[in-house]
Amino acid sequence: MTELGQRLRQERESKGLSLEDLQKLTKIQKRYLLGIEEGNYEVMPGKFYVRAFIKQYCEAIGLDTDAIFEEYKSDIPSTQTEDMPQQLSRVRSRKEIPQHTKGVSKAYDYLPTVLVVAGVVVVGIIIWVIAQNIVSDKNKEQANQEAPNSEVQQSNTQEETNETTAKNDNSTSEDDQSAADKKEKEKAAKEKAEKEKAAKEKAEKEKAAKEKKDSGKQEYKEVQKTGRSATYALSGTDAFNLEVTSTQADTWLDVKNGKGNAFFSSILKKGETKEFDLTKETEARVNIGYSPGVELKVNGKAVNLPFDSSKQVRQVVTIQYQPAEAQ
């Protein structure tokens, strides 16, 4: 193991990250990450990838890439004599076959089968028509035989209907009472739902009005920028609430106050949001390992990251807070 590999492994383990976690952050295969830590660069596709993978490894665990490359330049191969490898196409050309010729040939192959199927269908239709005629004749004969008995059956049916009507009359009063109770319950439930909805809408309006009032006073101004770090001043508000959301991929997130006390220092999963109440703090330092897709909100209001995330993957944002009552 090289000194660089030992340094990277110690830094990764101090962050509580496994090689699987680092693989998700960097999108680099685990065997290449292990090769970097063990100094076994022969497993890499080329020297160019060695330097590129080491750079991504450092950024994911929060190390300064330039400083690492300078300190351990003897452990990192140079790429001055090696160009980036080119991918070779795995698709080989095939002889073109005229599509119209292929279509005609296939049509002739299936012609006998089509003719047989058509013949079977025609025979089936003829048999079905004959069977329908036979069934129709039998139904007519049966109807003629059952006609004398239809009057008796009709009389019996009328008697059964009268009995059923009488029973229904007896149960009508009970059904009416049940329906009235059900209607009364539905009315009470509807009134309750309307009251809850009105109370909720009122609370939301009050909250929105308060946020609008606070946002009109709040100021979030840039103080300075240097390297991958930027400082902002938050004033004109009595609250300091911070929200961090990762929308594209997992990222390393480290949030500390001005005294170095950590509020969070771990992986922020894709789609996860962390909220921090920093009202009692005068300063907060937010270290983002993989900034693409990361969103910041201060007191519910979205604020931009200081740098273009496509150019500066790792970013450090320091927010200095001065309560409105202290101004």
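A few notes on this one:
- Members of region 219-247 that are surrounded by 14 or more Cβ atoms within 10 Å (Cβ to Cβ) and out of contact with any Asp or Glu (no Cβ under 9 Å at 6 or more places or on another chain): 220, 229
- Residue check for residue 255: at pLDDT below 95 and assigned to a strand (DSSP E or B): no
- Filtering region 1-26 to residues that are without any contact (Cβ under 8 Å) to a residue 60 or more places away in the chain, within 23 Å of residue 291 (Cα to Cα) and part of a loop (DSSP other than H, G, I, E, B) leaves only 18.
- Residue 303, sole failed condition from (1) of a type in the set (Val, Ile, Thr); (2) open to solvent by 60 Å² or more (accessible area, probe 1.4 Å); (3) more than 28 Å from residue 13 (Cα to Cα): (2)
- Check on residue 264, assigned to a strand (DSSP E or B), open to solvent by less than 50 Å² (accessible area, probe 1.4 Å), at pLDDT 95 or above and more than 22 Å from residue 223 (Cβ to Cβ): yes
- Members of region 27-68 found to be farther than 19 Å from residue 289 by Cβ, buried (at least 17 other Cβ atoms within 10 Å of the Cβ) and among the aliphatic types (A, V, I, L, M), listed by number: 44, 50
- Of all residues in region 27-41, exactly one satisfies the criterion of being β-branched (Val, Ile, Thr) and in a loop (DSSP other than H, G, I, E, B), namely 28.
- Identity of the residue in region 277-291, touching a residue at least 24 places away in the same chain (Cβ under 8 Å) and open to solvent by 20 Å² or more (accessible area, probe 1.4 Å), that ends up farthest from residue 323 (Cα to Cα): 290
- Answer residue from region 223-247, given it is polar (S, T, N, Q) and assigned to a strand (DSSP E or B) and is farthest from residue 25 (Cα to Cα) among those: 235
- Among the residues of region 1-17, those identified as within 32 Å of the chain's Cα centre (by Cα) and open to solvent by 40 Å² or more (accessible area, probe 1.4 Å) are 9, 11, 13, 14, 15, 16.
- The set of residues in region 42-68 being assigned to a helix (DSSP H, G or I) and over 32 Å from the mean Cα position of the chain (by Cα) consists of 42, 43, 47, 48, 50, 51, 66, 67, 68.
- Within the span defined as region 231-244, every residue fails to be closer than 25 Å to residue 58 by Cβ, touching a Gly at 6+ places or on another chain (Cβ under 8 Å) and at pLDDT 95 or above.
The values are calculated or read from the model by the stated rules, or taken from the named source; none is laboratory data. Owing to the predicted nature of the structure, the values given are computational and were not obtained by experimental measurement. Positions of Cβ are backbone-derived with ideal geometry, glycine not excepted, and every protein chain shown enters the neighbour counts. Accessible surface is based on the protein model in full, side chains and every heavy atom, while ligands, DNA and RNA are left aside. Shrake-Rupley method; radii C 1.70, N 1.55, O 1.52, S 1.80 Å.
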